[in-house]
Each structure stands twice: as C-alpha cells, then as structure tokens.
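Here's the structure we're looking at; comments come further down.
The values are calculated or read from the model by the stated rules, or taken from the named source; none is laboratory data. Fair warning: this is a prediction, and the values are worked out from it, not measured in the lab. Ideal geometry is used to build each Cβ from the backbone, glycine not excepted, and the neighbour counts take in all protein chains shown. For accessibility, only protein heavy atoms count, side chains too; no ligands or nucleic acids. Shrake-Rupley method; radii C 1.70, N 1.55, O 1.52, S 1.80 Å.
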Amino acid sequence: MSWRLFDPAYALYERLLRNEIVASGSIEHVAVIQDGNRRYARERGLAKQIGHSLGAKTTEMVLDWCLELGLKHITFYAFSTENFKRDEEEKRYLFDLTTRKFEELYSSKKIYANRVRVRAIGRIDLLPADLREAISRVDEATRGFDNLFLNVALAYGGQGELVDAARALARQIREGRIRADEITEELVAQSLYPYDGHPVPKVDLIIRTGGEYRTSNFLPWQANGNECAAYFCAPYWPEFRKVDFMRAIRTAQAIKTGRGQQA
Ligand code: FPP
Ligand code: MG
C-alpha cells in the first residue's frame, strides 16, 4: 500500500478531481491499454506471472473507480491478436487468470448490485473453451444490465474487427437483406463487436500505461472521427493509481470543453 494513501493533501486532491469529473460528466467511454505488467515484475525481480496477476488487481480497482465516477463504458485491452505470439506458458497463465477473473465477476455481488453488463469483444472463438464458457456465463447473467458496460477485449485486433464487420455486411448483401449502397457509417458501427445489439460505442479517451506512445490497433473505428483523447502515462499497469485515472479523465474533459491543448 502506498504511503500516499495517508497523505491528507493527496486525499484532498483526489476528492477535488472526483468532484470535477462527476460534475462535468462529459466523458462516457474510457478505453485502457493496460501495459507494463512484465516490466513491473522484471524490475522487482519477480516472475512475469506475478506482474500479470497484480495487473489484474489494478483492473478490478479501475472497475470500482468507474462506478464511483459514473462512467458508462470501460473497455480493457486484455489480450491482443499479437499476444498469441507469446510463449505457451505465458498464454496459458493469462488465459487461466482471465478465466478466473470472469468467474469472479459472475459471482460478484457488486456486478448485480450495480447492474454492470459484462461482455468480451474480439475473436472469442480463438480462445480456450474454459475461458469461452466463463465469458458466456457472465455475458448471459448480465444481459439486461445497462448501468455500466464492462468490455474486455480478448483475441482483439482493430483491423480484424473491421474485417469481421466487412464480412458480416457482405453476408447480408449476399442474402439480399441490404444493398451495398445502403451501407453507411451507422451501419458499419452497428456491425462491430460484440454482436448483441449494443456495439461498443465511440471512445472518448484511450489511456495507455507503461510509457509507450502508441494506440496499437485498439478500437480504430470507435476512437477515430470523434475527438477521442489519448493519454499516455509512465506507470506500469500494476502501479496505476486512481489519481492517474482521474487525471487522464480531467485532461480529456478539458480537451472536450476547449480548455485543453488544441490540435
Ligand atoms: C500488458 O503487459 C498486459 C497484458 C498483455 C495482459 C493484461 C491482462 C490482465 C491485466 C488481466 C486482466 C483481465 C481481466 C479480465 C480482469 P505486458 O505483458 O505487455 O508487459 P510489458 O509491456 O512490460 O512487456
Ligand atoms: Mg507490453
């Protein structure tokens, strides 16, 4: 636990940020590239699995912060199509960890009390069966909820998502359900993940931890064309704090209301 938690000035700053965020309410959808788990572990002489496990704890805390701040959507990049290139042992660990996290979400009172809709986005069919089952259980259990949408990107790639949307639209043309000239931005947006009638909407803010300045094929359609802010920060994902999260949101809000850096 950080000493900062006991620092009254820090607590005051945190409260101030929280009040400003809640009062403005202009950021509805935050997407997070949770990066730096292995570097966090390596620099402390720990196994990379510990880095991932601590990273998952940060993910859980961020969910609490979203509820507290009244966000509508949070989308985590948990496993990219690129991540399939990692060694078998690490992939197995990540899939087991994610399966456990989905099982915990399924049995968490917090999810039902706060009406959190839990979904996965990506090429889910590429994931191991136990993980797919855990996803589908919580997906079905939370189907009617709409207070906060928790979207977990797994086996996800932004270009792949657009390819899948193009294939779905081509199928509809072939079946005579639409004509090619009826394809609009809205129709493409409706053809994106997941396929439950409520596609992941436009993103207001992408946060990336771990000091990398790239958005890495994450939500290209949802983040472009709508003034999405990008916030890159140095902390590794396991050490990402509430104040980092709130600072990112405040920065995006300031850009939106014309008080931040202009392009
Ligand atoms: C990036 O750090 C992190 C990942 C590829 C895995 C992220 C997954 C979790 C935190 C599990 C959360 C899942 C749920 C459903 C709660 P990295 O491995 O690229 O580390 P590095 O950049 O230091 O190499
Ligand atoms: Mg990384």
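Kindly report the accessible area of the chain per residue (heavy atoms of protein chains, probe 1.4 Å, no ligands, DNA or RNA), in Å². Mind dumping the intermediate values first?
Details: 13610 Å² over 263 residues.
Accessible area per residue: 52 Å².
Per DSSP H run of at least 4 residues, take -39500 (n - 2.57); add these up for the chain, divide by its residues and hand me the 222 nm value, nearest 500 deg cm²/dmol.
Details: 10 runs with 124 residues, N = 263.
The helix contribution divided over the chain gives -15000 deg cm²/dmol.
Holding the Cα-Cα limit at 25 Å, pick out from Lys85/Lys109; Lys72/Lys256; Lys72/Lys109; Lys72/Lys101; Lys109/Lys256 the pairs that are longer than that.
Working: Lys85/Lys109 36 Å; Lys72/Lys256 17 Å; Lys72/Lys109 19 Å; Lys72/Lys101 21 Å; Lys109/Lys256 35 Å.
Table pairs above 25 Å Cα-Cα are Lys85/Lys109; Lys109/Lys256.
Using R₀ = 22 Å, calculate the FRET efficiency as 1/(1 + (r/R₀)^6) where r is the Cβ-Cβ separation of Glu227 and Ala189; round to 0.05.
Numbers: r = 16 Å, r/R0 = 0.73.
It comes to 0.85.
Determine ³J(HN,Hα), in whole Hz, for all residues of the stretch 138-154 in sequence, where each value follows from phi through the Karplus function 6.51 cos²θ - 1.76 cosθ + 1.60 and θ = phi - 60°; x replaces Gly and Pro.
Whole-Hz 3J(HN,Hα) from phi for the stretch 138-154: 6, 4, 5, 5, 10, 3, x, 7, 8, 6, 9, 9, 9, 10, 10, 7, 9.
Inverting the mean 1/r over all pairs of different Cα atoms, compute the Kirkwood radius of the stretch 70-199 and quote it in Å.
Result for the stretch 70-199 stands at 15.9 Å.
To the nearest Å, what is the center-to-center distance of the stretch 14-77 and the stretch 115-187, using C-alpha atoms only?
Computed from Cα coordinates, the inter-centre distance equals 23 Å.
Ignoring ligands, DNA and RNA, please state the percent of accessible area on the chain from carbon and sulfur, probe 1.4 Å.
Details: 6990 of 13610 Å².
Carbon plus sulfur share of accessible area: 51 percent.
Sorted from largest down, give the three principal axis spans of the alpha carbons of the stretch 178-263, whole angstrom values.
Projected onto the principal axes, the Cα atoms of the stretch 178-263 cover 48, 31, 20 Å.
So if I place +1 on the C-beta of Lys and Arg and -1 on the C-beta of Asp and Glu, and nothing else carries charge, what would the dipole magnitude of the chain be about its Cα centre? I want it in debye, nearest 20.
On the way: 39 positive and 36 negative charges, 88 e Å.
In total the dipole reaches around 420 debye.
What are the residues whose amide H is under 5 Å from the amide H of Tyr231, where those residues sit 5 or more places off or on another chain and H is modelled from the backbone?
HN-HN under 5 Å from Tyr231: Ile206, Ile207, Arg208.
If I model a spin label at Phe145 and Lys109 as a point 7 Å from the Cα along the Cα→Cβ vector, what separation in nanometres do I get?
Placing both labels 7 Å beyond Cα along the Cβ direction yields 1.4 nm.
Can you work out ³J(HN,Hα) from phi for every residue in the stretch 232-238, in order, using Karplus 6.51 cos²θ - 1.76 cosθ + 1.60 and θ = phi - 60°, giving whole Hz and x for Gly and Pro?
Whole-Hz 3J(HN,Hα) from phi for the stretch 232-238: 9, 9, 6, x, 6, 3, x.
For the stretch 111-182, what is Rg from Cα atoms divided by 2.2 N^0.38 Å, rounded to two decimals?
On the way: Rg = 15.4 Å, N = 72, 2.2 N^0.38 = 11.2 Å.
Taking N as the residue count of the stretch 111-182, the ratio is 1.38.
If one computes the Cα centroid of the stretch 233-258 and of the stretch 79-105, what distance in Å separates the two points?
Distance between centres, Cα-based: 26 Å.
Give the Cα extents of the chain along the principal axes, in whole Å, largest first.
Projected onto its principal axes, the Cα set of the chain covers 64, 47, 37 Å.
Against the globular-protein guess of 2.2 N^0.38 Å, express the Cα radius of gyration of the stretch 56-142 as a ratio, rounded to two decimals. Write out the running numbers ahead of the final one.
Numbers: Rg = 13.3 Å, N = 87, 2.2 N^0.38 = 12.0 Å.
Against the compact-globule rule of thumb, the ratio is 1.11.
With only Lys, Arg, Asp and Glu charged, each at its Cβ (+1 for the first two, -1 for the last two), find how big the charge dipole of the stretch 25-126 is about the Cα centre; round to the nearest 20 debye.
Working: 19 positive and 15 negative charges, 15 e Å.
In debye, rounded to 20, the stretch 25-126 gives about 80.
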